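K.L.:
The structure that follows is given in the form of structure tokens.
The values are calculated or read from the model by the stated rules, or taken from the named source; none is laboratory data. Predicted model, so just to flag it, every value in this text is computed and none were measured. Counting neighbours? That spans all protein chains shown, and the Cβs are built from the backbone with ideal geometry, glycine included.
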Amino acid sequence: MRYFLPVLLFCTPLLKAQTFEQTDQPKEKFPFSITLTSMDSTREISSARLFEKGKPTVLAFWLTTCMPCQMELAAYTKNYAAWKKEMDFNMYAISTDWPERFRRIAEKADAAKWPFPVYWEGKRSFHNILPGDLNGLPQVFIFDKNGVLVWRHRRYAPGDEMLVYNKLKNLSLQTDE
């Protein structure tokens with residue numbers, strides 16, 4: 001027990017969420033060309049057709065087995081309607097679960113009543129093109145209205161959703177130059 005406190009003090013900073021003002025860009029141009037599957041598996045759509053340019057876009061990556069992922073998406077759900085009244089943006093929850101967990105995606109999303117579109121990306125293509133290789137979930141990426149990656153965030157702690165809100169708010173206030 002006497003070693004617990006020093007270990008806790010040493011490890012706590014390692015567990016904190018990490019936010020990155022983004023300079024590294026994806027290896028492909030937004031909106032990419034990655035096949036996404038609807039959570040009920042009735043259709044496949046290319047991310048190039050789905051992700052709209054012209055307004056900020058939030059991509060929230062998650063797993064059905066990741067409790068912090070579900071906490072983060074619950075926080076977005078709680079604030080989503082108010083945020084949408086205040087500004088125009090796209091938000092997508094993208095599961096990177098393995099195929100054997102596919103059925104759980106719709107179960108989780110339906111039970112939580114997430115108001116934003118939910119998709120599955122089973123080939124793990126985003127891992128190959130996004131900075132950080134989606135190492136550590138949840139991860140959130142925000143693209144500006146021109147498709148430039150401007151911000152990313154790894155892990156989740158209560159209150160981190162306000163970082164997303166503030167970044168979206170700043171992006172919505174930017175005018176065309």
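K.L.:
When you scan region 163-175, do you find a residue that is of a type in the set (D, E, K, R), modelled with pLDDT of 90 or more and more than 15 Å from D88 (Cβ to Cβ), even just one?
P.N.:
no
K.L.:
Yes or no: region 130-144 includes at least one residue that is in contact with a His (Cβ under 6 Å, 6 or more places away or on another chain), on the phi > 0 side of the Ramachandran plot and surrounded by fewer than 14 Cβ atoms within 10 Å (Cβ to Cβ).
P.N.:
So far as region 130-144 goes, yes, one or more of its residues are in contact with a His (Cβ under 6 Å, 6 or more places away or on another chain), on the phi > 0 side of the Ramachandran plot and surrounded by fewer than 14 Cβ atoms within 10 Å (Cβ to Cβ).
K.L.:
Right, something else. Can you confirm whether region 31-46 contains a residue that is part of a loop (DSSP other than H, G, I, E, B), touching a Phe, Trp or Tyr at 6+ places or on another chain (Cβ under 6 Å), modelled with pLDDT under 95 and buried (at least 18 other Cβ atoms within 10 Å of the Cβ)?
P.N.:
Yes, region 31-46 has at least one match.
K.L.:
Could you look through region 98-124, keep only residues that are closer than 15 Å to E28 by Cβ and either hydrophobic (A, V, I, L, M, F, W, C) or touching a helix residue (DSSP H, G or I) at 6+ places or on another chain (Cβ under 9 Å) (or both), and pick out the one that is surrounded by the most Cβ atoms within 10 Å (Cβ to Cβ)?
P.N.:
Out of the qualifying residues, it is E121.
K.L.:
Let me ask another. Modelled with pLDDT of 85 or more, part of a strand (DSSP E or B) and either in contact with a Gly (Cβ under 6 Å, 6 or more places away or on another chain) or surrounded by 12 or more Cβ atoms within 10 Å (Cβ to Cβ) (or both), is that true of T19?
P.N.:
No: the conditions fail for T19.
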